[in-house]
Amino acid sequence: MTRNVTVLALGVGVLVAAIVANRPAGADGAPPDSAYVALADVPAPPAAPPPGPDASTGTYTVECGRNERGHYNTDNLVTSPGLVGGAHHTHEYVGNTTTNARSTDASLAAAPTTCRGDDRSAYFWPVLRRLDRAGSDAEAHGGGKHGNTGQIVVPSSVRIAYHGSPVSEVVPQPAGLRTITGDPVAATTTDEHVRARWGCSSAPDRTTTKYPRCPAGSDLTRTFSFPSCWNGLHPDSDGHRAHIVFPAANGACPAATFPVPELRITLTYDLPEKVAFAVDSFPEQRRDPRTDHAMSVNVMSDRQRAEVADCLNEGRDCRAARP
């Protein structure tokens, strides 16, 4: 009897150890130290080449708030339309106030927005959490149930801006254009689609694909640059990447594609120094910073999309006006 109890206890111990070993990172706190880097160890990038004579050098900024309304869900309209809760992590939204898995072009066009200029586009990304505090969704789908522990941090600022091409003029984005930047499964595949850049406000020229440890008085930043070479045919494609791709290193678009305004989203967070933080991810991605990503659905009017392109092509600094 004693021997059987001992064997049973050993078996339970092995099972518990296996469960703990296979739990998603972040279930008990921060990702591994290897996911972080000191800002001093992030090299400065090489200088960008100057824009060419035909470049579209303007900037068009849209003020959309910073999700003060608390618009969150575990859907992804771009990659998983119709699949409620398909993300297994929590997304945060600005712009269109109704965006979810069941949204359509028609429903988005009829909805309110947090953006100026009546831009009803949907802009969204995974939430960031500080890990020294418990989240209100500790037992919920997409939250603690999937290893995404910690308290959601609302950005101190969100900048939505469109930029031109360094080599040519741009044409307007098509209505309903769906785009994704970054790769939510990069930790278990390759770095081919890794695009999100992390940084600190004290050194805006230095960015990394790891979580930076920012010095005191410096805010954490996340920057998402979206693809901007459109095939001229479709607002979406199988896999959601083939219809719009990134330009080459010199800024030129591949053959049979057209330069459109490049969407760039910059998030800023005021976090205490040395507080551990992590982005939401699929459980098997272990909250790896390389999996950071963002999505957009363009629901601007024909007039506003043309206005954006004209602003960039004319080299102006523009802001969407209040409705």
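Of the residues that make up the range 150-171, is at least one in contact with a Gly (Cβ under 7 Å, 6 or more places away or on another chain), under 26 Å from Ser34 (Cα atoms) and crowded, with 23+ Cβ neighbours inside 10 Å?
The answer is yes; a qualifying residue exists.
Of a type in the set (Gly, Ala, Ser), under 23 Å from Thr221 (Cα atoms) and not in a loop (DSSP other than H, G, I, E, B): is that true of Ser281 in this structure?
No; evaluated as a whole, the condition is false for this residue.
Out of (1) in contact with a Pro (Cβ under 6 Å, 6 or more places away or on another chain); (2) assigned to a loop (DSSP other than H, G, I, E, B), what's the single condition that is false for Ala306?
If we test Ala306 against (1) in contact with a Pro (Cβ under 6 Å, 6 or more places away or on another chain); (2) assigned to a loop (DSSP other than H, G, I, E, B), just (2) comes out false.
Just to be sure before I move on: is Glu68 surrounded by 14 or more Cβ atoms within 10 Å (Cβ to Cβ) and among the acidic types (Asp, Glu) in the structure I sent? Spell out how you get there, then give the answer.
Values: surrounded by 14 or more Cβ atoms within 10 Å (Cβ to Cβ): no; among the acidic types (Asp, Glu): yes.
When the stated conditions are applied, Glu68 does not pass them.
Kindly establish whether Gly65 is part of a loop (DSSP other than H, G, I, E, B), of a type outside the set (S, T, N, Q), in contact with a strand residue (DSSP E or B) (Cβ under 8 Å, 6 or more places away or on another chain) and at pLDDT 95 or above. Write out each step before concluding.
Numbers: part of a loop (DSSP other than H, G, I, E, B): yes; of a type outside the set (S, T, N, Q): yes; in contact with a strand residue (DSSP E or B) (Cβ under 8 Å, 6 or more places away or on another chain): yes; at pLDDT 95 or above: yes.
So Gly65 fits the description; yes.
Val299: free of Cβ contacts under 8 Å to residues at least 60 places away in the same chain and aliphatic (A, V, I, L, M), yes or no?
Working: free of Cβ contacts under 8 Å to residues at least 60 places away in the same chain: no; aliphatic (A, V, I, L, M): yes.
Taking the combined requirement at face value, the residue does not satisfy it.
Does any residue of the range 162-177 turn out to be among the polar types (S, T, N, Q) and within 15 Å of the chain's Cα centre (by Cα)? Quick ask: steps written out before the conclusion?
Filtering the range 162-177 down to residues among the polar types (S, T, N, Q) leaves 165, 168, 173.
Narrowing the set further to residues that are within 15 Å of the chain's Cα centre (by Cα) leaves none.
No, every residue in the range 162-177 fails to be among the polar types (S, T, N, Q) and within 15 Å of the chain's Cα centre (by Cα).
Residue check, Tyr123 against (1) within 30 Å of Val260 (Cβ to Cβ); (2) part of a loop (DSSP other than H, G, I, E, B); (3) touching a Gly at 6+ places or on another chain (Cβ under 7 Å), all met but one. Which one?
Condition (2) is where Tyr123 drops out.
Specify which of the listed residues (Val42, Val37, Val84, Val78) is at pLDDT 95 or above, of a type in the set (A, V, I, L, M, F, W, C) and under 18 Å from Thr181 (Cβ atoms).
Exactly one residue qualifies, and that residue is Val78.
Within the range 272-297, track down each residue that is out of contact with any helix residue (DSSP H, G or I) (no Cβ under 7 Å at 6 or more places or on another chain) and crowded, with 19+ Cβ neighbours inside 10 Å.
Once the filter is applied, which keeps residues that are out of contact with any helix residue (DSSP H, G or I) (no Cβ under 7 Å at 6 or more places or on another chain) and crowded, with 19+ Cβ neighbours inside 10 Å, the range 272-297 yields Phe277, Ala278, Asp280, Phe282, Arg287, Asp292, His293, Ala294, Met295, Ser296.
Looking at the range 310-323, I want the residues that are over 12 Å from Asp118 (Cα atoms) and have a partner that is part of a helix (DSSP H, G or I) with Cβ atoms under 7 Å, at least 6 apart or on another chain. Which pairs are those?
The qualifying pairs are Cys318/Cys311.
Which ones in the range 129-143 are surrounded by fewer than 22 Cβ atoms within 10 Å (Cβ to Cβ) and in contact (Cβ under 8 Å) with a residue 24 or more places away in the chain? Working first, answer last.
Just the residues of the range 129-143 that are surrounded by fewer than 22 Cβ atoms within 10 Å (Cβ to Cβ), to begin with: 130-136, 138-141.
Residues satisfying the conditions are Arg130, Leu131, Asp132, His141.
Hey, Pro126 hits all of (1) in contact (Cβ under 8 Å) with a residue 60 or more places away in the chain; (2) crowded, with 17+ Cβ neighbours inside 10 Å; (3) of a type outside the set (Ser, Thr, Tyr); (4) out of contact with any His (no Cβ under 6 Å at 6 or more places or on another chain) but one; which does it fall short on?
(4)
Just the residues that are in contact with a Cys (Cβ under 7 Å, 6 or more places away or on another chain) and of a type in the set (S, T, N, Q), please, taken from the range 255-290.
Once the filter is applied, which keeps residues that are in contact with a Cys (Cβ under 7 Å, 6 or more places away or on another chain) and of a type in the set (S, T, N, Q), the range 255-290 yields only Thr257.
Would you check if Val245 is in contact with a strand residue (DSSP E or B) (Cβ under 6 Å, 6 or more places away or on another chain), closer than 24 Å to Gly58 by Cβ and buried (at least 17 other Cβ atoms within 10 Å of the Cβ)? Outline the logic, then answer.
Details: in contact with a strand residue (DSSP E or B) (Cβ under 6 Å, 6 or more places away or on another chain): yes; closer than 24 Å to Gly58 by Cβ: yes; buried (at least 17 other Cβ atoms within 10 Å of the Cβ): no.
For Val245, the condition - in contact with a strand residue (DSSP E or B) (Cβ under 6 Å, 6 or more places away or on another chain), closer than 24 Å to Gly58 by Cβ and buried (at least 17 other Cβ atoms within 10 Å of the Cβ) - is not met.
The values are calculated or read from the model by the stated rules, or taken from the named source; none is laboratory data. Bear in mind that the values here come from a model prediction, so they are computed numbers and not experimental data. Heads up, the Cβs are rebuilt from the backbone with ideal geometry, glycines too, and the neighbour counts pull from every protein chain shown.
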